[in-house]
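Trainee: Have a look at this one.
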Amino acid sequence: MSKSAFRLERLRRSVARARNHEQEAGFTLVEMLVVIAIIGLVVGLVGPRVLNYLSESKVKAAKIQIESFSAALDLYYLDNGAYPGTNEGLTALVERPPSALAWNGPYLKTGSVPVDPWGHPYLYKVPGDHAPYEIDSNGAGGVGDSRSLIRSASR
């Protein structure tokens, strides 16, 4: 075989290999649809669980904040002999109200009254229905959504 024939054969083989690679490269439409369907199934099954965990964690965070308020209110009570009035609200834990005789605050570490995990202010009521005070959060629905009401009362 001559040198030019050898080169020509070599060129034909490399062209044939290139054509085979072109046919193998990329994905078919069916393969892409199968992958998209699998991803859709995974998101459909896992998504609701993740969202449920997120809502549960917000409820737990609200309960922890309410417990923090309760501890701060108890300290306020020890210093002043009474809980702050409804009109003074939870702000009395970070700013001295006029009715406080021996205010020793701020009673909250943050220096401000946080809102609930849904961005709504906590509701404070003195006297409570079953205790000296009550701290409420209306949950995700805001005002009037009694299904998600989180309530804590002092004993």
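Trainee: Just to be sure, is Met1 touching a helix residue (DSSP H, G or I) at 6+ places or on another chain (Cβ under 9 Å) and either loosely packed, with under 10 Cβ neighbours inside 10 Å or modelled with pLDDT of 75 or more (or both)? If you could, list the steps in order and put the result at the bottom.
Mentor: On the way: touching a helix residue (DSSP H, G or I) at 6+ places or on another chain (Cβ under 9 Å): yes; either loosely packed, with under 10 Cβ neighbours inside 10 Å or modelled with pLDDT of 75 or more (or both): yes.
Considered against the rule, which asks whether it is touching a helix residue (DSSP H, G or I) at 6+ places or on another chain (Cβ under 9 Å) and either loosely packed, with under 10 Cβ neighbours inside 10 Å or modelled with pLDDT of 75 or more (or both), Met1 comes out as yes.
Trainee: Restricting attention to the range 61-69, does a residue exist that is touching a Lys or Arg at 6+ places or on another chain (Cβ under 9 Å), modelled with pLDDT of 85 or more and assigned to a helix (DSSP H, G or I)?
Mentor: Yes: the range 61-69 contains one or more residues that are touching a Lys or Arg at 6+ places or on another chain (Cβ under 9 Å), modelled with pLDDT of 85 or more and assigned to a helix (DSSP H, G or I).
Trainee: Let me ask something additional. So Ile36 passes all but one of these: (1) over 23 Å from the mean Cα position of the chain (by Cα); (2) outside any loop (DSSP other than H, G, I, E, B); (3) modelled with pLDDT under 85. Which condition number does it fail?
Mentor: If we test Ile36 against (1) over 23 Å from the mean Cα position of the chain (by Cα); (2) outside any loop (DSSP other than H, G, I, E, B); (3) modelled with pLDDT under 85, just (3) comes out false.
Trainee: So in the range 10-33, with the set limited to residues that are in a helix (DSSP H, G or I) and β-branched (Val, Ile, Thr), which one is modelled with the highest pLDDT? Reasoning before the result, please.
Mentor: Kept after step one, since they are in a helix (DSSP H, G or I), are these residues of the range 10-33: 10-24, 29-33.
Keeping just the survivors that are β-branched (Val, Ile, Thr) gives 15, 30.
Working: Val15: 77, Val30: 90.
Within the range 10-33, the match that is modelled with the highest pLDDT is Val30.
Trainee: Go through (1) assigned to a loop (DSSP other than H, G, I, E, B); (2) in contact (Cβ under 8 Å) with a residue 40 or more places away in the chain; (3) small (Gly, Ala, Ser) one by one and return the number of the condition Ala102 breaks.
Mentor: It is condition (2) that Ala102 fails.
Trainee: Quick one: in the range 114-128, of everything that is in a loop (DSSP other than H, G, I, E, B) and in contact with a Ser or Thr (Cβ under 6 Å, 6 or more places away or on another chain), which residue is nearest to Phe69 (Cα to Cα)?
Mentor: Among them, the one singled out is Tyr122.
The values are calculated or read from the model by the stated rules, or taken from the named source; none is laboratory data. Predicted model, so just to flag it, every value in this text is computed and none were measured. Neighbour counts are summed over all protein chains in view; Cβ atoms, including those assigned to glycine, are modelled from backbone coordinates with ideal geometry.
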